[in-house]
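Here's the structure, in structure tokens; my notes come after.
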Amino acid sequence: MPFIAAVAKIEFPYKVEQMKVKEYVRSMFQHFPHMNRLIEAFDNTEIVTRNFCEPLDYYAELKTFEAHNNEYLRITLEYTVKAAEECIAKAHVKKEDITDIIFVSTTGLATPSMDAMIINKMRLNQNISRIPVWGLGCAGGVGGVSKANVIAKANPKAVILFIATELCSLTFLRNDYSKSNFIGTSLFSDGVAACIIKGDAYTDDSNVKIIGSGSKLYYDSLEIMGWDFMDSGFKVVFSKDIPALISANIKEDITGFLSGHGLQLSDIKNFIFHPGGTKVLQAYTDALNLQQEDLCKTRKAMNEYGNMSSATVLYVLEKFLREGYEDGYGLMLAMGPGFSSEMVLLDMKKGEERN
């Protein structure tokens, strides 16, 4: 069956302590309505450091959407190539071996799509199959693995380069005094991660195999999460109802997905979840009756980097692969605009780490 051969992530040079971001935002938004109450949001995120693609001073200056998007294109290409090259080396493949590329992002616009730019920059195979995916938001990391799994099942000789890049900080609206924009400044950050996924013609190469995947879109929940597109850029839509929607649905969704593979929730040893925030993590914990240690690596990834939208769950996966995991099944889960969920079931066997 298809498997994950390697994962690589980016550590941006402008990683900043959350409390420093808090004071910086306080200085920028000193006339923000209810500032003293809303600034407490920074203290409740459990985030210690944030992954930023620009120094803090960059965000203080008012910029056009064009300027932000040009930075998105420049930074994305630079760091995506870096992550891809590291991942290719970790997977012990040649760039000429790559048959497919999947590029996921929701924080910038590019036509030709970013995968075309990556192929040109890296001089990948001109006949490579391309799948650019836009708009999945936080669900895109798991969704990308799911799409790679479909490709690899169809072609056992597939070598798929999957990349998730989110530069959430570049969507920051300097003159937006809405609560959603303010909350976004306390939570979202930047991340780039790459995976190599292979078909089962190469099954001796990995201990992390992909068993199956599933998706669900919840009717009549379009307003829960996403963007409003303004003249000035992307305005975040982030509803307070997200934890409640998760609490009401996630257990039934997961048990239904697992039952299709002859499994139940107690069979899952590794919970590789996208950490949407502290309330989302608590909703997962309560609804699934999890122990705090079950989401330890997920929580640590959020502590260390913030919410990097689609890329975050791949940082969590990388942490599992680097620090170790329980022998048994793993479940990748993320939820995003739609409102929707994406799940991937893994078979994770302990073995010698591949460098």
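Here is how the numbers come out for the structure above:
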| quantity | calculated |
| --- | --- |
| Surface accessible to a 1.4 Å probe, residue 1 within the full protein complex, Å² | 90 Å² |
| Cβ-placed point charges (K, R +1; D, E -1), dipole of the chain about Cα centre in debye, nearest 20 | 320 debye |
| Neighbour-limited loop hits for GluC sites (Glu not before Pro), region 21-127 (at most 11 other Cβ within 10 Å; DSSP other than H, G, I, E, B) | 61 |
| Region 117-172: trypsin sites (Lys or Arg not before Pro) in DSSP coil with no more than 12 other Cβ atoms inside 10 Å | 123, 157 |
| Accessible-area value, residue 7, 1.4 Å probe, nucleic acids and ligands omitted, Å² | 0 Å² |
| Antiparallel bridge percentage (DSSP; both residues within the chain; nearest 5) | 70 percent |
| Region 272-355: GluC sites (Glu not before Pro) falling in loop per DSSP and having at most 10 other Cβ within 10 Å | 352, 353 |
| Pairwise label distance in nanometres, residue 286 with residue 323, each label 7 Å out on the Cα-Cβ vector | 2.5 nm |
| The chain - percent relative contact order, Cα under 8 Å, separation 6 or more | 25 percent |
| Sum of side-chain charges, residue 70 neighbourhood, beta-carbon under 14 Å (Lys, Arg +1; Asp, Glu -1) | -2 |
| Vicinal HN-Hα couplings computed from phi for region 251-264 (Karplus, 6.51 cos²θ - 1.76 cosθ + 1.60; Hz; Gly/Pro x) | 5, 5, 5, 5, 5, x, 5, 5, 4, x, 10, x, 10, 10 |
| Local electrostatic count, residue 83, Cβ distance below 14 Å [Lys/Arg +1, Asp/Glu -1] | -3 |
| Formal net charge of residues neighbouring residue 251 (Cβ-Cβ distance under 15 Å; K, R +1; D, E -1) | -4 |
| Excluding exposed DSSP-loop chymotrypsin sites (Phe, Trp or Tyr not before Pro) (at most 13 other C-beta within 10 Å), longest clean stretch of the chain | 1-176 |
| Size descriptor, Kirkwood hydrodynamic radius, that averages inverse alpha-carbon separations across the chain, Å | 20.4 Å |
| Relative contact order of region 141-204, pairs being alpha-carbon contacts under 8 Å that are 6 or more residues apart, as % | 48 percent |
| Surface accessible to a 1.4 Å probe, per residue, for the residues of the chain, Å² | 42 Å² |
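The values are calculated or read from the model by the stated rules, or taken from the named source; none is laboratory data. What you see is a predicted model; the values in this text were computed from it and never measured. When we count neighbours, we look across all protein chains shown, and the Cβ atoms used for this are built from the backbone with ideal geometry, even at glycine. When the accessible area is computed, the model is the full protein with side chains, heavy atoms only, and any ligands, DNA or RNA have been set aside. Shrake-Rupley method; radii C 1.70, N 1.55, O 1.52, S 1.80 Å.
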